[in-house]
Amino acid sequence: MLTRYGALLFAAGFAFLLFVLFTSQPLGAPTMLAGQAVLNEAAGTVGAANIVTAVVLAYRGIDTLGELSILFAAATAVGLVLGRSHGTDAAATAREPGGFILRAGADLLFPLLLVVGFYIIVHGHLTPGGGFQGGVVLAAAFVLPVLARPSETISHSAMAWVEGLAGGVFIVTGLLALAVDRAFLTPLLGTGQLGTLLSAGTLPLLYLAVGLKVGAELANLLLRMTEEESGT
């Protein structure tokens, strides 16, 4: 009975919220004070043709740093849970490689996924995409060959080095902006010509760092999961 009344109370409150929103805002003309200011100024101030990139890395770069910290904490926690060393466990080494189609597909897709992943990252300030999306593609590129050939794994320490260096580049780039009396993560090196690859200052470098960090963390996490499965 209490659950039923609670659901009805929630539905009534949600309906009231929608009613207030629809009656307080004119239809088809949403109030975008901050958003409209960003749309008007981002291209000339930041130099990024993709306004989302300007918001993610410049206007709210601190928030993006927080997102990377959360991802790092989550990957570390899962790694501690799944990181039991199997050494040369017989169950791990005895796993047979995948079939011919899986192995051939992995060999074919690995370079293609690398190219697509880096393309999405490098062009993140020009077209939809960026470090987070490209990093996921890079992680898939490195995990797929391991699924096809379980005996050939990737060094976790190498992934950790890539992750650490990428995170360090992201933070150091932000500190360099503070050193020249600018806000943290303010794009440096000029805006360049809008719409060209060498534009938006240090934003492409930041997205490259984000992509490598996300890719290394996800790949490490997925590899831990495959090793856990092989050891059971």
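Shown in residue order for the range 132-148 are the 3J(HN,Hα) couplings computed by the Karplus curve 6.51 cos²θ - 1.76 cosθ + 1.60 at θ = phi - 60°: 5, 5, x, x, 5, 5, 5, 4, 5, 4, 8, 7, 4, x, 5, 5, 6 Hz (x for Gly and Pro). Built from the Cα atoms of the chain, the convex hull projects on average onto 19.3 nm², one quarter of its surface area.
Taking the longest Cα principal axis of the chain as reference, the axis of helix 61-82 is set at about 30 degrees. Once the Cα atoms are used to define both axes, helix 100-122 deviates from the longest principal axis of the chain by about 30 degrees.
The charge dipole of the range 32-230, taken about its Cα centre with unit charges on the Cβ atoms of Lys, Arg (+1), Asp and Glu (-1) only, comes to about 180 debye.
Every number here is computed from the coordinates shown, using simple stated rules; none is lab data. Just so it is clear, the structure is predicted and the values come from calculations on it, not from any experiment. Positions of Cβ are backbone-derived with ideal geometry, glycine not excepted, and every protein chain shown enters the neighbour counts.
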